[in-house]
(Lines give C-alpha, C1' and ligand atoms only; values in the text may rest on other atoms or scores of the structure.)
Protein backbone atom coordinates (compact mmCIF):
# COMPACT_ATOMS: atom_id res chain seq x y z
CA UNK A 1 0.00 0.00 0.00
CA UNK A 2 2.84 2.35 0.86
CA UNK A 3 4.46 1.53 -2.44
CA UNK A 4 1.26 2.40 -4.33
CA UNK A 5 0.90 5.67 -2.46
CA UNK A 6 4.48 6.59 -3.23
CA UNK A 7 3.99 5.82 -6.92
CA UNK A 8 0.82 7.93 -7.07
CA UNK A 9 2.48 10.86 -5.32
CA UNK A 10 5.61 10.62 -7.45
CA UNK A 11 3.51 10.40 -10.63
CA UNK A 12 1.58 13.54 -9.63
CA UNK A 13 4.86 15.36 -8.98
CA UNK A 14 6.19 14.42 -12.42
CA UNK A 15 2.94 15.52 -14.09
CA UNK A 16 2.97 18.90 -12.31
CA UNK A 17 6.64 19.38 -13.19
CA UNK A 18 6.00 18.68 -16.86
CA UNK A 19 3.04 21.05 -16.97
CA UNK A 20 5.11 23.75 -15.31
CA UNK A 21 7.94 23.18 -17.76
CA UNK A 22 5.58 23.33 -20.76
CA UNK A 23 4.33 26.78 -19.73
CA UNK A 24 7.88 28.15 -19.97
CA UNK A 25 8.38 27.11 -23.60
CA UNK A 26 8.35 30.22 -25.76
CA UNK A 27 7.84 30.64 -29.49
CA UNK A 28 11.57 31.16 -30.01
CA UNK A 29 12.17 27.63 -28.70
CA UNK A 30 10.02 26.03 -31.40
CA UNK A 31 11.81 24.86 -34.52
CA UNK A 32 9.68 24.73 -37.64
CA UNK A 33 10.68 22.71 -40.71
CA UNK A 34 9.11 21.38 -43.88
CA UNK A 35 9.49 17.78 -44.95
CA UNK A 36 10.66 17.80 -48.59
CA UNK A 37 8.61 15.93 -51.15
CA UNK A 38 11.73 14.51 -52.82
CA UNK A 39 14.94 13.01 -51.44
CA UNK A 40 17.67 15.59 -50.90
CA UNK A 41 20.93 15.19 -52.79
CA UNK A 42 22.89 14.98 -49.55
CA UNK A 43 20.56 12.53 -47.85
CA UNK A 44 22.05 9.42 -46.25
CA UNK A 45 21.60 6.08 -47.95
CA UNK A 46 18.44 4.13 -47.21
CA UNK A 47 19.02 1.40 -44.63
CA UNK A 48 18.45 -2.06 -46.06
CA UNK A 49 15.24 -3.44 -44.50
CA UNK A 50 17.10 -6.66 -43.65
CA UNK A 51 19.74 -4.72 -41.70
CA UNK A 52 19.35 -7.07 -38.70
CA UNK A 53 21.43 -10.14 -39.44
CA UNK A 54 21.40 -13.53 -37.73
CA UNK A 55 23.93 -16.32 -37.38
CA UNK A 56 23.54 -20.09 -37.14
CA UNK A 57 26.46 -22.23 -36.02
CA UNK A 58 27.21 -24.55 -38.93
CA UNK A 59 26.94 -27.78 -36.93
CA UNK A 60 23.50 -26.74 -35.62
CA UNK A 61 21.95 -25.85 -38.98
CA UNK A 62 19.37 -28.63 -39.03
CA UNK A 63 18.26 -27.75 -35.49
CA UNK A 64 17.02 -24.42 -36.81
CA UNK A 65 15.86 -25.41 -40.28
CA UNK A 66 14.49 -28.87 -39.74
CA UNK A 67 14.68 -30.91 -42.94
CA UNK A 68 13.19 -30.52 -46.41
CA UNK A 69 10.59 -33.16 -45.55
CA UNK A 70 9.97 -31.87 -42.02
CA UNK A 71 10.73 -28.12 -41.75
CA UNK A 72 11.05 -26.32 -38.44
CA UNK A 73 7.75 -24.43 -38.41
CA UNK A 74 8.75 -22.36 -35.36
CA UNK A 75 11.74 -20.93 -37.24
CA UNK A 76 9.65 -20.41 -40.35
CA UNK A 77 6.92 -18.51 -38.51
CA UNK A 78 9.43 -16.36 -36.63
CA UNK A 79 11.24 -15.37 -39.83
CA UNK A 80 7.97 -14.85 -41.65
CA UNK A 81 6.82 -12.44 -38.92
CA UNK A 82 10.03 -10.44 -39.34
CA UNK A 83 9.47 -10.46 -43.08
CA UNK A 84 5.93 -9.13 -42.61
CA UNK A 85 7.25 -6.18 -40.61
CA UNK A 86 10.35 -5.38 -42.68
CA UNK A 87 8.99 -6.30 -46.10
CA UNK A 88 11.85 -8.73 -46.70
CA UNK A 89 13.24 -11.73 -44.82
CA UNK A 90 16.55 -11.36 -42.93
CA UNK A 91 20.00 -12.59 -43.88
CA UNK A 92 21.55 -15.54 -42.05
CA UNK A 93 25.21 -16.36 -41.68
CA UNK A 94 25.66 -20.15 -41.76
CA UNK A 95 29.09 -20.63 -40.25
CA UNK A 96 31.14 -20.15 -37.13
CA UNK A 97 33.78 -22.43 -35.66
CA UNK A 98 32.37 -25.62 -37.10
CA UNK A 99 32.36 -24.42 -40.72
CA UNK A 100 36.09 -25.16 -40.53
CA UNK A 101 35.37 -28.74 -39.43
CA UNK A 102 32.87 -29.65 -42.15
CA UNK A 103 33.34 -30.87 -45.71
CA UNK A 104 30.74 -31.26 -48.45
CA UNK A 105 30.18 -34.67 -50.04
CA UNK A 106 27.74 -34.72 -52.96
CA UNK A 107 26.93 -38.40 -52.41
CA UNK A 108 26.07 -37.95 -48.72
CA UNK A 109 22.28 -38.24 -48.62
CA UNK A 110 21.48 -37.91 -44.90
CA UNK A 111 19.46 -34.91 -43.69
CA UNK A 112 21.94 -34.23 -40.91
CA UNK A 113 25.58 -33.36 -40.40
CA UNK A 114 27.40 -36.64 -39.99
CA UNK A 115 30.73 -37.88 -38.70
CA UNK A 116 33.53 -38.44 -41.19
CA UNK A 117 34.76 -42.03 -40.67
CA UNK A 118 38.25 -41.10 -41.93
CA UNK A 119 39.16 -37.63 -40.65
CA UNK A 120 42.63 -36.12 -40.91
CA UNK A 121 44.17 -36.76 -37.49
CA UNK A 122 46.99 -34.62 -36.04
CA UNK A 123 48.83 -35.01 -32.75
CA UNK A 124 48.07 -31.47 -31.58
CA UNK A 125 46.41 -30.58 -28.29
CA UNK A 126 42.90 -29.20 -28.81
CA UNK A 127 42.84 -30.05 -32.50
CA UNK A 128 39.51 -31.09 -34.02
CA UNK A 129 39.99 -32.40 -37.57
CA UNK A 130 39.18 -29.93 -40.32
CA UNK A 131 37.26 -32.74 -42.02
CA UNK A 132 35.60 -34.07 -38.87
CA UNK A 133 32.04 -33.54 -40.17
CA UNK A 134 30.36 -34.24 -43.49
CA UNK A 135 27.18 -32.95 -45.09
CA UNK A 136 25.47 -33.17 -48.45
CA UNK A 137 22.76 -31.60 -50.64
CA UNK A 138 20.11 -32.02 -47.94
CA UNK A 139 21.61 -29.11 -46.03
CA UNK A 140 20.95 -26.72 -48.90
CA UNK A 141 17.41 -28.07 -49.26
CA UNK A 142 16.86 -27.47 -45.55
CA UNK A 143 18.01 -23.84 -45.81
CA UNK A 144 15.48 -23.29 -48.57
CA UNK A 145 12.62 -24.17 -46.21
CA UNK A 146 12.99 -20.67 -44.75
CA UNK A 147 10.60 -18.03 -46.19
CA UNK A 148 11.27 -16.64 -49.65
CA UNK A 149 13.67 -13.64 -49.85
CA UNK A 150 15.75 -15.10 -46.98
CA UNK A 151 19.41 -14.80 -47.88
CA UNK A 152 22.50 -16.62 -46.65
CA UNK A 153 26.15 -15.82 -46.03
CA UNK A 154 27.54 -19.31 -46.48
CA UNK A 155 30.64 -20.43 -44.59
CA UNK A 156 33.33 -22.30 -46.51
CA UNK A 157 36.02 -24.41 -44.87
CA UNK A 158 39.41 -22.69 -45.10
CA UNK A 159 41.15 -24.80 -42.48
CA UNK A 160 41.10 -27.87 -44.74
CA UNK A 161 44.55 -28.15 -46.31
CA UNK A 162 44.82 -31.64 -47.78
CA UNK A 163 46.17 -31.89 -51.33
CA UNK A 164 42.66 -31.58 -52.83
CA UNK A 165 41.82 -28.39 -50.92
CA UNK A 166 41.18 -26.33 -54.07
CA UNK A 167 38.79 -28.82 -55.66
CA UNK A 168 37.15 -29.33 -52.29
CA UNK A 169 36.36 -25.65 -51.71
CA UNK A 170 35.37 -24.92 -55.33
CA UNK A 171 33.06 -27.94 -55.48
CA UNK A 172 31.42 -26.83 -52.26
CA UNK A 173 30.99 -23.25 -53.49
CA UNK A 174 29.58 -24.49 -56.78
CA UNK A 175 27.09 -26.77 -55.05
CA UNK A 176 25.97 -23.95 -52.73
CA UNK A 177 25.55 -21.51 -55.60
CA UNK A 178 23.62 -23.98 -57.73
CA UNK A 179 21.32 -25.00 -54.88
CA UNK A 180 20.72 -21.61 -53.22
CA UNK A 181 20.70 -19.41 -56.32
CA UNK A 182 19.54 -15.88 -55.54
CA UNK A 183 19.26 -16.81 -51.85
CA UNK A 184 23.05 -16.87 -51.65
CA UNK A 185 24.22 -13.44 -50.50
CA UNK A 186 27.93 -14.21 -50.22
CA UNK A 187 30.55 -16.72 -49.11
CA UNK A 188 32.68 -16.43 -46.01
CA UNK A 189 36.01 -18.25 -46.36
CA UNK A 190 37.16 -19.50 -42.98
CA UNK A 191 36.23 -18.52 -39.45
CA UNK A 192 38.50 -16.54 -37.10
CA UNK A 193 41.78 -17.51 -38.79
CA UNK A 194 43.66 -15.46 -36.19
CA UNK A 195 43.09 -18.47 -33.90
CA UNK A 196 44.44 -21.08 -36.32
CA UNK A 197 47.65 -21.40 -34.30
CA UNK A 198 46.04 -21.24 -30.84
CA UNK A 199 42.54 -22.24 -29.76
CA UNK A 200 41.63 -23.53 -33.24
CA UNK A 201 45.05 -25.07 -33.92
CA UNK A 202 44.67 -26.04 -37.58
CA UNK A 203 48.06 -24.42 -38.34
CA UNK A 204 49.76 -24.92 -34.99
CA UNK A 205 53.48 -25.55 -35.36
CA UNK A 206 53.68 -23.63 -38.64
CA UNK A 207 54.81 -20.10 -39.40
CA UNK A 208 51.25 -18.81 -39.29
CA UNK A 209 50.93 -15.05 -39.82
CA UNK A 210 48.77 -12.41 -41.43
CA UNK A 211 50.77 -12.70 -44.63
CA UNK A 212 50.37 -16.48 -44.77
CA UNK A 213 46.65 -16.16 -44.07
CA UNK A 214 46.27 -13.59 -46.84
CA UNK A 215 47.98 -15.87 -49.33
CA UNK A 216 45.80 -18.83 -48.38
CA UNK A 217 42.64 -16.73 -48.61
CA UNK A 218 43.57 -15.24 -51.97
CA UNK A 219 44.46 -18.66 -53.38
CA UNK A 220 41.07 -20.08 -52.43
CA UNK A 221 39.00 -17.03 -53.36
CA UNK A 222 40.74 -16.72 -56.73
CA UNK A 223 39.98 -20.37 -57.48
CA UNK A 224 36.32 -19.80 -56.60
CA UNK A 225 36.23 -16.73 -58.82
CA UNK A 226 37.76 -18.47 -61.84
CA UNK A 227 36.11 -21.88 -61.49
CA UNK A 228 32.68 -21.14 -60.04
CA UNK A 229 31.77 -17.69 -61.34
CA UNK A 230 31.83 -16.61 -65.00
CA UNK A 231 34.31 -13.90 -65.96
CA UNK A 232 31.56 -11.30 -66.42
CA UNK A 233 30.16 -11.86 -62.93
CA UNK A 234 32.91 -10.82 -60.51
CA UNK A 235 32.78 -12.34 -57.07
CA UNK A 236 36.03 -11.18 -55.49
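The values are calculated or read from the model by the stated rules, or taken from the named source; none is laboratory data. From a predicted model like this one, the values you see are computed outputs, not experimental measurements. Positions of Cβ are backbone-derived with ideal geometry, glycine not excepted, and every protein chain shown enters the neighbour counts.
Here is how the numbers come out for the structure above:
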{"read-out": "Within the stretch 140-172, tally of residues that are farther than 21 Å from residue 75 by Cβ and either in a loop (DSSP other than H, G, I, E, B) or out of contact with any strand residue (DSSP E or B) (no Cβ under 6 Å at 6 or more places or on another chain) (or both)", "value": "14"}
{"read-out": "Qualifying positions in the stretch 129-139 - touching a residue at least 60 places away in the same chain (Cβ under 8 Å), closer than 21 Å to residue 203 by Cβ and not in a strand (DSSP E or B)", "value": "130"}
{"read-out": "Residue that is surrounded by the most Cβ atoms within 10 Å (Cβ to Cβ), among those in the stretch 53-81 that are over 16 Å from the mean Cα position of the chain (by Cα), without any contact (Cβ under 8 Å) to a residue 60 or more places away in the chain and within 17 Å of residue 151 (Cα to Cα)", "value": "78"}
{"read-out": "The stretch 160-174: number of residues that are surrounded by fewer than 23 Cβ atoms within 10 Å (Cβ to Cβ) and in contact with a helix residue (DSSP H, G or I) (Cβ under 7 Å, 6 or more places away or on another chain)", "value": "4"}
{"read-out": "Answer from 115, 110 - the residue that is under 30 Å from residue 165 (Cβ atoms), touching a helix residue (DSSP H, G or I) at 6+ places or on another chain (Cβ under 8 Å) and loosely packed, with under 15 Cβ neighbours inside 10 Å", "value": "110"}
{"read-out": "Which numbered condition residue 123 fails, given (1) surrounded by 13 or more Cβ atoms within 10 Å (Cβ to Cβ); (2) out of contact with any helix residue (DSSP H, G or I) (no Cβ under 6 Å at 6 or more places or on another chain)", "value": "(1)"}
{"read-out": "Where residue 175 falls short, out of the listed (1) over 22 Å from residue 96 (Cβ atoms); (2) touching a residue at least 40 places away in the same chain (Cβ under 8 Å)", "value": "(1)"}
{"read-out": "Cβ-Cβ under 7 Å pairs, at least 6 apart or on other chains, the stretch 112-128 side without any contact (Cβ under 8 Å) to a residue 40 or more places away in the chain, far side assigned to a loop (DSSP other than H, G, I, E, B)", "value": "114/108; 116/131; 116/132; 119/129; 119/131; 119/132; 121/129"}
{"read-out": "Output for the stretch 92-111, where each listed residue is in contact (Cβ under 8 Å) with a residue 60 or more places away in the chain and within 14 Å of residue 137 (Cβ to Cβ)", "value": "103, 104, 106"}
{"read-out": "Per-region count, the stretch 73-90, residues within 14 Å of residue 48 (Cα to Cα) and assigned to a helix (DSSP H, G or I)", "value": "4"}
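Table: residues versus (1) buried (at least 16 other Cβ atoms within 10 Å of the Cβ); (2) under 20 Å from residue 163 (Cβ atoms); (3) modelled with pLDDT of 95 or more.
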{"position": "184", "(1), (2), (3)": "yes, no, yes"}
{"position": "187", "(1), (2), (3)": "yes, no, yes"}
{"position": "194", "(1), (2), (3)": "no, no, yes"}
{"position": "199", "(1), (2), (3)": "no, no, yes"}
{"position": "202", "(1), (2), (3)": "yes, yes, yes"}
{"position": "217", "(1), (2), (3)": "no, yes, yes"}
{"position": "221", "(1), (2), (3)": "yes, yes, yes"}
{"position": "236", "(1), (2), (3)": "no, no, no"}
